[in-house]
Amino acid sequence: MIVDWIYNHPTGLWGSILVCGTTVLACLGLALFHPFVDVRVRRAHNDLAGFSIAIISVVYAVLLAFIAVATWESFSSAETIVQAEAGYIGNLYRDTKGFPDQIGERMRRIQAEWPMQKEGEVPESGWKSLYKLHRQLVNFEPQTRREAIIDAEFLRVLNELYKAREARLTAAAGHIPVVIWWIIAIGGALTTAFTYLFGFESFRLHLTMTGAVAASLSLVVVLIVALDWPFRGEVSVSPDAYVDVEHGWKARDGE
C-alpha cells in the first residue's frame, strides 16, 4: 500500500520523488500542449490568462494553506497530548508510593504502548492495564486520612489519564479524508495547467515557470503528507516523554 511505503521510508526520499515527479509531469504536459496552440495566440491573451490564473491560484493557495495549518495544529496537539499523558502516568507512579507496598507495586506495572501507532494502527491493549488499575483503586479501602486523600487524588489523575489516552488514540486514528486528497490533486493540476496558456518567447523560460509552480505546490503537499499521521513516519511525535518519565522512575527508585 502506498501509504505504508511512504511512512516506512525517509521523508527526503518520497518527498523528492513527489516533487520531482510532479515537476516532470507538469513540464511534460507543457511540452505536449505547446505545439497545439500557437504561441502568438497565447501571447495575445496573456492578460486574460494572468487574471484567470490569479483567481484560481489564490483560491487554491488559500485551500492548501488552510489544510497545511490544520495538519500542523493537529500534529502540535498530538505532541501536547503525549506530554500530558506522560505527565499523568508519572504522577500516578509517584502517588502509588503513598499506598501500601502490595497495592502500590501492582499499580506501578502500567506501561505505555507505541510500536502499533508507528504502523498506523490504534492500540487497544493499554486499556486493560488502566481498567485493572481502576479496579484496584476502587477495591482499595483507605485505613487512614492520608491514604483517603491520596486515593481521591489518584482517582482524579486516573480520570485525566483516561481523557489524555482517548485523545491520543483519536489523534493516531485521524487523518485527512480521501476526498480532500482528490481536491488537492485536481486543484494542483488545474493551477499548473493554466500556466500552459501563457505565451512566452522562450519555451525554456515557460518550462522553468511551469516547473517552479508545480514544485512549489508539491512542496506544500509534502508538508501536509508528512504531518497527516502524527505518529507515523520520520516526522512524527516521539515517545521521548514516556522515556523521560521512565528514567525519572528509575532515578527515584535508585535513591
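The values are calculated or read from the model by the stated rules, or taken from the named source; none is laboratory data. Keep in mind it's a predicted model, so treat the numbers as computed, not measured. Neighbour counts are summed over all protein chains in view; Cβ atoms, including those assigned to glycine, are modelled from backbone coordinates with ideal geometry.
Counted as qualifying within the stretch 150-255 are the helices (runs of 4 or more DSSP H) with 1 or more residues that are over 13 Å from the mean Cα position of the chain (by Cα), over 30 Å from SER129 (Cβ atoms) and in contact (Cβ under 8 Å) with a residue 24 or more places away in the chain, namely 178-194, 203-228.
Does ALA112 count as surrounded by 14 or more Cβ atoms within 10 Å (Cβ to Cβ), at pLDDT 80 or above and closer than 30 Å to ASP228 by Cα? So ALA112 fails the test.
Here PHE198 meets the list (1) in contact with a Lys or Arg (Cβ under 9 Å, 6 or more places away or on another chain); (2) more than 26 Å from LEU28 (Cβ to Cβ) almost entirely, failing just condition (2). Please determine whether any residue of the stretch 19-29 is part of a helix (DSSP H, G or I), modelled with pLDDT under 90, within 23 Å of ALA214 (Cβ to Cβ) and hydroxyl-bearing (Ser, Thr, Tyr). No, the conditions are met nowhere in the stretch 19-29. Here's a check for you: in the stretch 35-49, which residue that is exposed (fewer than 13 other Cβ atoms within 10 Å of the Cβ) and assigned to a helix (DSSP H, G or I) is modelled with the lowest pLDDT? Of everything passing the filter in the stretch 35-49, LEU48 is modelled with the lowest pLDDT.
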